[in-house]
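**Student:** One structure follows; several queries about it will come next.
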Amino acid sequence: METNAFQQYLIDVIGSGFLALSVALGERTGLLKTMCNLTRAATIQEIAQEAGLKERYVAEWLGAMVAGKIVEVDSQSTFYSLPNQYKSVFESTMINMSLALVMCARQQENLQTCFELDGPCGYSTRDYPDYYPWLNKTRASMVNNILDQDIIPQLEDIQDRLESGVLVADIGCGTGNLTCGLARRFPKSTFVGIDYSPEAVKLAVDTSADNVVNNVSFELCDAEKLPEVWKERFDIIFVHDVIHDVCFPDKILSEIHRTLKDGGIFSLVEVDACASHFESKNNLLAAMAYTFSMHTCLPNSMATLAPTDRRSCWGKKEVTDALNKAGFFILRDVPTMNEPNRHFIMKK
Ligand SMILES: C[S@@+](CC[C@H](N)C(=O)[O-])C[C@H]1O[C@@H](n2cnc3c(N)ncnc32)[C@H](O)[C@@H]1O
């Protein structure tokens, strides 16, 4: 890229970051919802009134939205509207990444100290104030897509087990959205969600109560050391988006192997990022994944002890090696549709 072109590119990148902050603010204040609900173009005063917010701040926000090509305004800057075709996009999960940006920015001072030679190895998402509420909101908006597109279609050959009634664990269940979603779809099976964060487990219990799901329970437990008595306890184990976050993936995989029955099924959804930086060139989504991972997954995976040389943004090859090493037989693995992940279906 020429110097001038690069200068423009940098302006675009940093400008988009600032605009994304305004998008997040629109989500948090309800202004995006107000704009989506407008049936005709409206004035700043009407929009502020409808949203129940201060007019002067709403005016500034609308300025950012118009400059950022999200909201439209007439040449007199009087009537504002959101194009109809944009409205459904604001219901998509990408909006949650704008909230993730705010969450990451809050952690940046901590992250900076982790870079320093004598700084800490990392920090845990358990000490991260807005992580679990964010996870809950994000997953609640995606749960049906993840189940219908990424998980259930790949379980065809074990669907009869789930339908007949088996004991299933969801390890690293987070706020329990997927655990409850699975439990609702397979009412004869019994589901146990396991997570080491008290906040996650509390939110998961609330999710199951809100959704009136009775065949699910949650345990506060470190998956690196599951109870001894759980040897060969589970028929099926699900793990979704967890292993790249943990300090010792080998320990967790070995615990999953120990607690799964012989012939049991292990369904793992794991990050499938480009393992090579070169392959990520010119890919803004990869830049977003690295940045998110750097603020959350990586410090969490390095929080307990000395850093490992494994990257949180790992890919199919490294995951496959780890699974083979743990003794699993991989039946198949397929890319997922909702996130840059891969679904591995294995047998013990
Ligand atoms: C990215 S979240 C995914 C949550 C959930 N599986 C989902 O997809 O919605 C990763 C979860 O793994 C949990 N976790 C990380 N290390 C763990 C460990 N050693 N034992 C139990 N849970 C762990 C975290 O608390 C967090 O809830």
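The values are calculated or read from the model by the stated rules, or taken from the named source; none is laboratory data. All figures in this text were calculated on a predicted structure; none of them were measured in a lab. Quick reminder, even Gly has a Cβ in these numbers, built from the backbone with ideal geometry, and neighbours come from all protein chains shown.
**Student:** Determine which member of the set ILE146, ILE152 is under 24 Å from LEU260 (Cβ atoms), among the aliphatic types (A, V, I, L, M) and more than 14 Å from the chain's Cα centre (by Cα).
**Tutor:** Checking each option against the conditions leaves just ILE152.
**Student:** Suppose we keep only residues that are more than 24 Å from LEU253 (Cα to Cα) and part of a loop (DSSP other than H, G, I, E, B) within region 173-188. Which one would you say is nearest to the chain's Cα centre (by Cα)?
**Tutor:** PHE186
**Student:** Taking only region 7-66 into account, find how many residues are within 26 Å of THR291 (Cα to Cα) and within 30 Å of the chain's Cα centre (by Cα).
**Tutor:** Matching residues across region 7-66 total 25.
**Student:** Right, GLU232: in contact with a Gly (Cβ under 9 Å, 6 or more places away or on another chain) and at pLDDT 85 or above or not?
**Tutor:** Yes, satisfied.
**Student:** Search region 198-215 for residues that are without any contact (Cβ under 8 Å) to a residue 40 or more places away in the chain and pair each with any residue that is part of a helix (DSSP H, G or I) when their beta-carbon atoms are under 7 Å apart and the residues are at least 6 apart or on different chains.
**Tutor:** ALA204/THR179; SER208/CYS180; ASN211/CYS180; ASN211/ARG184; VAL213/CYS180; VAL213/ALA183; VAL213/ARG184; ASN215/ALA183
**Student:** I would also like to ask the following. Against the conditions (1) farther than 24 Å from PRO299 by Cβ; (2) touching a helix residue (DSSP H, G or I) at 6+ places or on another chain (Cβ under 7 Å), where does HIS240 fall short? Just the number, please.
**Tutor:** The single condition HIS240 does not satisfy is (1).
**Student:** Among ASP150, ASP170, ASP160, which is assigned to a helix (DSSP H, G or I), among the acidic types (Asp, Glu) and crowded, with 19+ Cβ neighbours inside 10 Å?
**Tutor:** Exactly one of ASP150, ASP170, ASP160 is assigned to a helix (DSSP H, G or I), among the acidic types (Asp, Glu) and crowded, with 19+ Cβ neighbours inside 10 Å, namely ASP150.
**Student:** Further question: Quick one: in region 154-181, which of the residues that are modelled with pLDDT of 95 or more and either within 9 Å of VAL216 (Cβ to Cβ) or of a type in the set (Ser, Thr, Tyr) (or both) is farthest from the ligand (Cβ to nearest atom)?
**Tutor:** Here the residue is CYS180.
**Student:** Please list, ordered by first then second residue, the pairs with beta carbon atoms under 9 Å, 6 or more apart or interchain, first in region 1-29 and touching a residue at least 60 places away in the same chain (Cβ under 8 Å), second outside any helix (DSSP H, G or I) and β-branched (Val, Ile, Thr).
**Tutor:** What qualifies is VAL23/ILE70.
**Student:** Restricting attention to region 134-177, report how many residues are among the hydroxyl-bearing types (Ser, Thr, Tyr) and closer than 16 Å to VAL242 by Cα.
**Tutor:** Adding up the residues that qualify gives 2.
**Student:** Considering only region 88-127, state which residues are out of contact with any helix residue (DSSP H, G or I) (no Cβ under 8 Å at 6 or more places or on another chain) and within 12 Å of the ligand (Cβ to nearest atom).
**Tutor:** ASP127
**Student:** Looking only at region 2-36, count every residue that is touching an Asp or Glu at 6+ places or on another chain (Cβ under 7 Å) and small (Gly, Ala, Ser) and tell me the total.
**Tutor:** Result for region 2-36: 0.
**Student:** Name the pairs whose Cβ atoms lie under 9 Å apart, with the first residue in region 76-103 and in contact (Cβ under 8 Å) with a residue 40 or more places away in the chain, the second small (Gly, Ala, Ser) and assigned to a loop (DSSP other than H, G, I, E, B), and 6 or more positions between them or separate chains?
**Tutor:** TYR80/ALA41; SER81/ALA41
**Student:** What number goes with the only condition from (1) surrounded by fewer than 15 Cβ atoms within 10 Å (Cβ to Cβ); (2) of a type outside the set (Val, Ile, Thr); (3) not in a helix (DSSP H, G or I) that LEU53 does not pass?
**Tutor:** For LEU53, the failing item is (1).
**Student:** Can ARG139 be described as among the basic types (Lys, Arg) and within 13 Å of PRO299 (Cβ to Cβ)?
**Tutor:** no
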